[in-house]
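The structure appears right after this line, and notes come after that.
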Amino acid sequence: MTEKPAMDVKDNILETIGNTPLVRMHRVGGDLACDLLAKVEFFNPGGSVKDRIGLEMIRAAEAEGRLKEGGTIVECTSGNTGMGLALAATVLGYKAIFTMPDKMSLEKINVLKAVGAEVIVTPTAVPADSPESYYKVAERIVEDTPGAVHTNQYHNQSNPLAHYKSTGPEIWRQTAGRITHFVATLGTGGTISGAGRYLKEQNPDIKVIGVDPEGSILREYFYTKRMTEARPYKVEGIGEDIIPTSTHFQYVDDVVQVDDKESFLMARRVSREEGMLVGGSCGSAVAGALKALKDTGPDDVAVVVLPDTGERYLSKLYNDEWMRENGFLESHTVTVGKVMRDKSPSLPALVSVLPAQTVRNAISLIRIHDISFIPVIEDDKIVGSVVENAIMRAVFEDATVLDQRVDEVMEEPIASLSPTDTVKDAIRRMGREHPAVIVIEGGKPVGILTRTDVIGFISQ
């Protein structure tokens, strides 16, 4: 009997964790002398580097006898560790409860709920030791829940161990031992501590560089060993207001700092220039790498860890309105005056009629200039308007209307705006019957902005 060929099938989704690719960053890293390679962690099944530690922490809790059948996993998380734990909990048959600060994206909360986890949102702007902080709420849930285990990524040595066992060896193998610089963001410190330790064991000359967001206390502590007070910042998943024991600074050579704006703009740049849709902390990592790697040479090989996918930040850093509201994008408000200046010079800025002119004169102007309405102006004051559709209906019903005065048949004046008003304001004022606004400057009507003008401007 012929033996059936073996199938290449994973037994469960957890077996797909790790072995993520290294991708060369041609454009973003183009000004560096070194080879800049991205360790793309959104290839993990849960979309982030934290899948690696989720499974490792659960296996350790099982081996220690703390986590038993039917137990509950509790963690304080910015979302990604929660996802890694939730995937493992689903496959292995555990319940999962996560506490998250309220600055985290709605996408992160919803994706955790989608895989069956319970999510409790806590205030961001409270001290770490506050009863309301996500650290303390998680501890309280463990105390109140029979069979619950707090995996506690900030103080769990299985966190850096996961990266010592997987991330570090993968990078060493993928670069054929040629890596000279390793860059990773600081949060719990697991990635940089575990992978950094492994890489330095292979070659002590490898430079391990951390990236910390402004507002976090980790960079200051690295250099001074002094505790400072954290300040709020927007980037998610990195930085701390405590010193995690899962961070082993002895494997770190330098820490650079980046701000929110640098992080978010760089993430968008990576997405648009390299084709990798990444999260805000990835932007932090790359922005920090570009700062730290300025003095590298052509023989250097730098690896930067991109922690997660940008799909969980579509409502934030990939939302132009959110970016502008938070001061990370310049406001590119288009004004009425800007569109008026860009109108075709072949059209007069303002075509109008006097109240005493005849309807026949108004219709003639409408035909000559191919417009849908004409304002009625006297002594620089808008007193009414002649609308093509309405006036033609009136003429067909009674031809004598052609010789009537305009002020006998005119309608109410249409809306008026100044050149400094926004096009959004103009569009709001435009109605179905009056798809235009009069532009007033210095108390005088100077032009007409139509819906067609706006469409023409947008098309350019």
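A short reminder: the numbers here are calculations on the coordinates, not readings from a lab. Predicted model only: the values in this text are computed from it and were never measured. Neighbour counts run over all protein chains shown; Cβ positions are idealised from the backbone, glycine included.
For the stretch 320-460, divide the Cα radius of gyration by the Kirkwood radius and give the resulting Rg/Rh value with two decimals. Could you put the intermediate results ahead of the total?
On the way: Rg = 17.1 Å, Rh = 16.2 Å.
Here Rg/Rh amounts to 1.05.
Per residue, the convex hull spanned by the alpha carbons of the stretch 28-78 comes to 131 Å³. With the helix formula -39500 (n - 2.57) applied to DSSP H stretches of n ≥ 4, the chain reaches a computed 222 nm mean residue ellipticity of -10000 deg cm²/dmol. This ranking places ASP342, ASP407, ASP11, ASP35 by how few other beta-carbon atoms lie within 10 Å of each, fewest first, which gives ASP11, ASP342, ASP407, ASP35. The loop-placed GluC sites (Glu not before Pro) in the stretch 282-364, going by DSSP, that have at most 10 neighbouring Cβ atoms within 10 Å of their Cβ come out as GLU330. Shown for MET340, MET57, MET25: other C-beta atoms within 10 Å of each C-beta, ranked fewest to most, produce the order MET340, MET25, MET57. Distance from the Cα centroid of the stretch 374-433 to that of the stretch 252-314 is 56 Å (rounded to whole angstrom). What you get for the chain, charging only the Cβ of Lys and Arg (+1) and of Asp and Glu (-1), is a dipole of about 720 debye around the Cα centre. As an equivalent ellipsoid, the stretch 1-51 spans semi-axes of 35, 16, 6 angstrom, where each value is the square root of five times an eigenvalue of the C-alpha gyration tensor, largest first.
Each listed q (0.09, 0.11, 0.15 Å⁻¹) maps to a log10 I(q)/I(0) for the stretch 192-321, found by the Debye formula over equal Cα scatterers with no solvent: -0.27, -0.40, -0.75. Where does the stretch 279-321 land on Rg/Rh, using Cα atoms and the Kirkwood Rh? On the Cα set of the stretch 279-321, Rg over Rh gives 1.13. Along the chain, counting only trypsin sites (Lys or Arg not before Pro) with a DSSP assignment other than H, G, I, E or B and at most 11 other Cβ atoms inside a 10 Å radius, the longest segment between sites is 69-224.
Kirkwood radius for the stretch 168-250, taken over all pairs of different Cα atoms as the inverse mean of 1/r, rounds to 13.4 Å.
With q set to 0.08, 0.10, 0.11 Å⁻¹, the log10 of I(q)/I(0) for the chain, from the Debye formula over equal scatterers at the Cα positions, is -0.61, -0.75, -0.83. Ordering PHE373, PHE264, PHE249, PHE457 from the fewest to the most neighbouring beta carbons within 10 Å gives PHE457, PHE249, PHE373, PHE264.
Applying both filters, DSSP loop and at most 11 other Cβ atoms within 10 Å, to the GluC sites (Glu not before Pro) of the stretch 28-126 gives GLU64, GLU69.
Shown here is the pair-distance distribution of the stretch 1-107: with all Cα-Cα distances grouped in 5 Å bins from zero up to the longest one, the shares run 2, 11, 16, 16, 15, 12, 10, 7, 6, 3, 1, 0, 0 percent.
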